[in-house]
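Working notes, beginning with the structure itself.
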Amino acid sequence: MLALDTLKYLVPLLLGVLIACHSSHRTLSTAKNTMESTSTPSTTTPDPSTMSAAAAAASTRPFTSRIPAFLRPSRCSQSSSDQPAAIPEPDPATTTADAPFTHVEHMHKRKHVLRKLYSWYWPTDAVAAHKAEQAILTTLPFYQSPDADADAPAPANSQLQPVRARSGFVDSAAPGSAVPALINTLVVERTCDADQSNATGAKKTPIVLTHGYGAGLAMWYRNLPALATGLVAQRGHTLYAIDWLGMARSARVPLPPLNSKNDQATVDATETYFVESLERWRARVGADKMILVGHSLGGYLSAVYALKYPERVEKLVLVSPVGVPDEPEAVAAAAAAAAAANRVEGAAGDGQVDSETANFAAAAMSDTSPITSSSGSDPTDATAAAPQPSGRRPPVLPPHLAVLRSTFGYLWNNGFTPFSLVRFAGPFGPHLTNAYTTRRFAHLSPEEIDRLREYIFHVNTGDTPAGEFALNALLKFRAYAKSPLKYRLAPLFGRVPVRFVYGDVDWMDSKHAVEVVKETAPHMATDRVVRVVAGAGHQVFLDNPQAFDEELIRIVDEQGL
């Protein structure tokens, strides 16, 4: 009992110390990495005398010259009418012949003295992140190393001769920005021979895969072989997978600071950060439209992108997206307020309760937690998230649990993320990641688990945190969106085909997507819009890759809304 009482006070104290460390770390890294906001393009040209030679060249050369060499059309397809008339050769000022991560390592170096003094404490860096990513991608039989010739034939050991995959970086910086905003990009495309022997006329819409929190483009490795065959080799699409700006191996451009006094301002600024960088990425790879596939947090951001640029999205596929339902307490409070207003109006009128308000109040009392699986297999305790029956007071937490809950809520609201804990753990961070990957991906081979452990740890902790703060900016403490998608998706239905894909033991419950379809597009069949993959959890594409790949290919082939 004495030990428990001691822990009750030591845990909040420890967390308080972590807050102080994290706040000073974030403030210092942000101050040292200040740069032009990506939400509003600069209207002035930087003074070349105050810039490096590479930055000055990048700010003055033509727009198309910033397309990286690994994404430039092969010479065999240059005559195509839908390709740029002329794309200059790579600029020597911004291109290196060294290791493929050399020019990115400069972007990813920590800018403050503490990183150098305590580098021993963090057993990771940009080089380790690059190696961890390559360890996964090189398991693909059609993958070419980043420094391979763009016009070289497919690898000799390729089992899929018609396609090849390459990776590199695309600059998504705003026009006139002196600092690149590099987005890590993997492209899977037909080879020259396949293009010539399978010419189909019209160019197919490219497919873009976006990851969720704590992940990266290499997490799609179990899906890429089947998708390369079905979508690229056989149907002629180009397939991209990207790291969101500020996440994984993309440039860690600082996110707009959290505004604790105005959640909506924080949400708007954070969404703009990701949406505009994705839009500039799309323009620079030359895609007129995209079939956008987003998982979890990437699904939320993909939906927000489609809301702003629906003309650029041919189809939207949301794979177990976060942020669909509203928080039960918020729904219940709104229902109570509406009911109170209705009672006031009823006292002055005929006293009838509006049916819509009654339905809304009834919905508020239903289970609307996004972290409760309909299968009942969700390991997350959703008791606190479930709405309480009408007329009953919510249960009172024991004092020590109430302290912990309020402490973790405070941490969340001040930018503390799961990887903040991993980062503070220093040399013990890999052990925390190993505990997660071993348990979560137990169905994979030991070699795959080892590669995923190294990848997840290094790409998330190998650089100054930036994009990961989107978790706190966009979501509340219990993973409910501050601006739920259920109230925002209506403009998309009828204009962009929207599909949801969930696992049958997914902790993001598919019933919330079903409710959105019924309320927003009642004329559409819910089983056509919402798909459930058997034998899969939240990581649908990793848990049952074959079923997921088949579902995605069917969605791509579908016609109409």
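The values are calculated or read from the model by the stated rules, or taken from the named source; none is laboratory data. Just so it is clear, the structure is predicted and the values come from calculations on it, not from any experiment. Note: ideal-geometry Cβ built from the backbone for every residue, glycine included; neighbour counts use all protein chains shown. Side chains are part of the model used for accessible areas, which takes the heavy atoms of the whole protein and leaves out ligands, DNA and RNA. Shrake-Rupley method; radii C 1.70, N 1.55, O 1.52, S 1.80 Å.
A few points about this structure:
- Selected residue (criterion: farthest from residue 171 (Cα to Cα)) from residues of the stretch 288-320 that are assigned to a loop (DSSP other than H, G, I, E, B), open to solvent by 10 Å² or more (accessible area, probe 1.4 Å) and not acidic (Asp, Glu): 296
- Residue within the stretch 254-277 that is assigned to a strand (DSSP E or B) and either modelled with pLDDT of 95 or more or among the hydrophobic types (A, V, I, L, M, F, W, C) (or both) present: no
- Those residues of the stretch 173-186 which are within 18 Å of residue 146 (Cβ to Cβ) and under 18 Å from the mean Cα position of the chain (by Cα), in sequence order: 182, 183, 184, 185, 186
- Selection status of residue 420, in contact (Cβ under 8 Å) with a residue 24 or more places away in the chain, under 30 Å from residue 527 (Cβ atoms) and hydroxyl-bearing (Ser, Thr, Tyr): no
- Any hit, the stretch 552-560, residues being open to solvent by 10 Å² or more (accessible area, probe 1.4 Å), touching a residue at least 40 places away in the same chain (Cβ under 8 Å) and on the phi > 0 side of the Ramachandran plot: yes
- Total residues in the stretch 480-491, condition assigned to a loop (DSSP other than H, G, I, E, B) and buried (at least 20 other Cβ atoms within 10 Å of the Cβ): 3
- The stretch 209-252, subset surrounded by 24 or more Cβ atoms within 10 Å (Cβ to Cβ) and among the β-branched types (Val, Ile, Thr), residue nearest to residue 557 (Cα to Cα): 232
- Of the residues making up the stretch 508-517, just one is in a loop (DSSP other than H, G, I, E, B) and either of a type in the set (Gly, Ala, Ser) or within 10 Å of residue 489 (Cβ to Cβ) (or both), namely 510.
- Across the stretch 184-204, the qualifying residues are those that are assigned to a loop (DSSP other than H, G, I, E, B) and open to solvent by 20 Å² or more (accessible area, probe 1.4 Å), and the one among them that is modelled with the highest pLDDT is 204.
- Selection within the stretch 293-322 - over 23 Å from residue 476 (Cβ atoms) and under 12 Å from the mean Cα position of the chain (by Cα): 293
- Of all the residues in the stretch 262-276, those that are in contact (Cβ under 8 Å) with a residue 40 or more places away in the chain and either surrounded by fewer than 24 Cβ atoms within 10 Å (Cβ to Cβ) or over 23 Å from residue 495 (Cα atoms) (or both) number 10.
- Residue match in the stretch 515-532 (condition: under 25 Å from the mean Cα position of the chain (by Cα), open to solvent by 30 Å² or more (accessible area, probe 1.4 Å) and among the acidic types (Asp, Glu)): yes
- Checking each residue in the stretch 210-230 for being in contact with a His (Cβ under 8 Å, 6 or more places away or on another chain) and farther than 25 Å from residue 274 by Cβ picks out no residue at all.
- The single condition from (1) assigned to a helix (DSSP H, G or I); (2) open to solvent by 70 Å² or more (accessible area, probe 1.4 Å) that residue 422 fails is (2).
- Sole exception among (1) at pLDDT 95 or above; (2) touching an Asp or Glu at 6+ places or on another chain (Cβ under 7 Å); (3) open to solvent by 10 Å² or more (accessible area, probe 1.4 Å) for residue 539, by number: (2)
- So residue 499, is it surrounded by fewer than 17 Cβ atoms within 10 Å (Cβ to Cβ) and not in a loop (DSSP other than H, G, I, E, B): no
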